[in-house]
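Shown next, in structure tokens, is the structure this report addresses.
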Amino acid sequence: MSKTGEAAVREDVQALLDGFIARGIVGASLAVTGASEAPMLLVAGLADRAARVPLTPDRLFKIGSCTKTFVAAALMSVVREYGVALTAPVVPWFPELPFAERMRVRQLVAHSAGLPEFEFVMPMEPGRIWTPKEIVALAYTAGPPGEPDAACAYNNTGYVLAGLLIERLTGSSLAAEIRRRVLAPLGLGDSFSAAGEVFPAERLVRGYYHRPAPPPGLEGRPVAEGGEMWRTGGTLTYSDDLQDASSVFPMTGAYAAGDMIGTSADLARFLGALVTGKLLPPDITADMVENRRPGTMATPGTRLRESGAGIWLMRYAGHDVFGHQGSMPGYVTVMVHHRPSAITLALTTNTGSGNRLSFYASGLHGLVDTILGRVLGWMG
């Protein structure tokens with residue numbers, strides 16, 4: 001990209017971010033790597049609406065399920081070091097689980113272990129400190145497990161078990177292993193496992209949540225029909241106004257399924273390095289990216305099509321890309337890598353909704369479409 005072209009695309013993309021904020025999003029941070037020598041780092045909006053604090057590129061966001069890609073990478077590194085096959089049954093570490101003798105290590109991070117889902121039944125108790133065992137126990141109150149490998153259905157519980165497996169194999173904390181195996185080798189100093197290590201809380205942006213009242217007679221709808229994704233009723237009222245949800249979901253309740261925070265710049269650097277084989281050996285990278293199966297999505301408003309191990313095949317701007325997306329109450333994130341161009345894009349926002357059909361939950365997908373298309377167009 002020429003300097004003139006780069007300046008023009010930066011101006012165009014900044015205008016797109018500003019337009020996104022004008023539609024009601026509080027703040028958005030974008031990182032694009034691979035288009036030029038230096039990453040494109042652009043922001044718009046506010047880090048703190050009440051205090052009118054402008055957003056800056058160094059501010060941290062809750063990245064939700066984008067955590068899963070970090071955890072899957074750490075798990076791949078751990079099992080290689082400790083000589084555990086990805087096809088090994090999990091029964092030595094989780095003998096109490098139904099079907100443990102048929103549930104495989106890789107299935108925990110490939111959404112194919114048949115595990116029940118805890119996220120939709122988790123109570124929003126801001127001050128509670130959850131243990132991973134408590135989260136797993138909660139999942140089994142949500143419904144019976146299914147047969148391992150029968151389907152690929154998005155699942156958070158498998159990642160909680162993956163985090164526990166990492167800890168049981170290494171004798172160290174999940175946070176420490178992610179830092180040692182992923183963050184430190186890539187020089188990612190602005191990413192943290194919030195449930196397991198100290199982080200600069202003053203840099204974390206406030207998160208804002210849209211919880212409109214459901215139409216009369218349509219209370220309790222399933223998520224796929226526009227119902228609420230999280231049980232926020234005990235902490236947030238119905239309102240057409242955005243509410244501060246920064247502390248609604250305790251990070252210990254997310255653990256390995258979504259407890260990480262970071263900058264868009266770190267997300268882009270991480271995903272680009274992972275998909276291009278700069279973090280893990282080629283065979284492990286290929287297993288994470290190329291060994292995929294179609295996912296059955298019970299949640300609307302996603303672009304997740306085929307699941308690898310911690311990496312999804314998605315489609316943006318008419319192109320196949322690899323990456324992940326994530327949400328927490330008040331935060332939504334997308335990170336994607338376009339292999340033919342080596343472009344990696346990460347967009348983080350501090351506005352969300354439990355209604356997955358809402359613009360506040362899913363509107364950033366259209367923005368990613370437009371930005372990625374604009375960058376690829378300038379690259380020719």
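Ratio of Rg to Rh for segment 9-134: 1.11 [Cα atoms; Kirkwood radius as inverse mean 1/r over pairs]. Which of rounded, prolate, oblate describes segment 308-360, given a ≥ b ≥ c as roots of the alpha-carbon gyration tensor eigenvalues and a/c under 1.5 marking rounded, otherwise prolate only if a/b is larger than b/c? Judged from the Cα gyration tensor, segment 308-360 comes out prolate (a/c at least 1.5, a/b above b/c).
In a Gaussian network model over the chain where Cα atoms closer than 10 Å are linked, find which of Arg221, Arg293, Arg179 has the largest mean-square fluctuation. Largest GNM mean-square fluctuation: Arg221.
What is segment 59-216 by shape, rounded, prolate or oblate, if you read a ≥ b ≥ c off the alpha carbon gyration tensor as root eigenvalues and call it rounded for a/c under 1.5, prolate for a/b larger than b/c, and oblate otherwise? In terms of gyration-tensor shape, oblate. Once Cα extents along the principal axes in Å is calculated for the structure shown, the corresponding label among (i) 59, 52, 37; (ii) 55, 47, 39; (iii) 66, 50, 36 turns out to be (i). In the Gaussian network model of the chain, springs joining C-alpha atoms below 10 Å, which of Pro144, Pro89, Pro250 carries the largest mean-square fluctuation? Of the options given, Pro144 has the highest mean-square fluctuation. Sparsely packed loop sites in segment 185-293 (the chymotrypsin sites (Phe, Trp or Tyr not before Pro) outside DSSP H, G, I, E and B with at most 12 other Cβ atoms within 10 Å) comprise Tyr238.
When all protein chains stay in place and ligands, DNA and RNA are ignored, the 1.4 Å accessible-area order of Trp93, Trp312, largest first, is Trp93, Trp312. Across the chain, Cα pairs under 8 Å and at least six residues apart give a relative contact order of 24 percent. Could you work out which residue, out of Ser358, Ser327, Ser65, moves most in a Gaussian network model of the chain, that is, has the largest mean-square fluctuation with Cα springs under 10 Å? Answer for the Gaussian network model of the chain: Ser358.
Near Leu174, once Lys and Arg are set to +1 and Asp and Glu to -1 for all other residues with Cβ below 13 Å from its Cβ, the sum equals +1.
The values are calculated or read from the model by the stated rules, or taken from the named source; none is laboratory data. The shown structure was predicted, so the numbers you read here are calculated from the model rather than taken from an experiment. FYI the Cβ positions are ideal-geometry reconstructions off the backbone, even for glycines, and counts take in every protein chain you see. The protein model used for the area step is the full one, side chains on, heavy atoms only, and it has no ligands, DNA or RNA in it. Shrake-Rupley method; radii C 1.70, N 1.55, O 1.52, S 1.80 Å.
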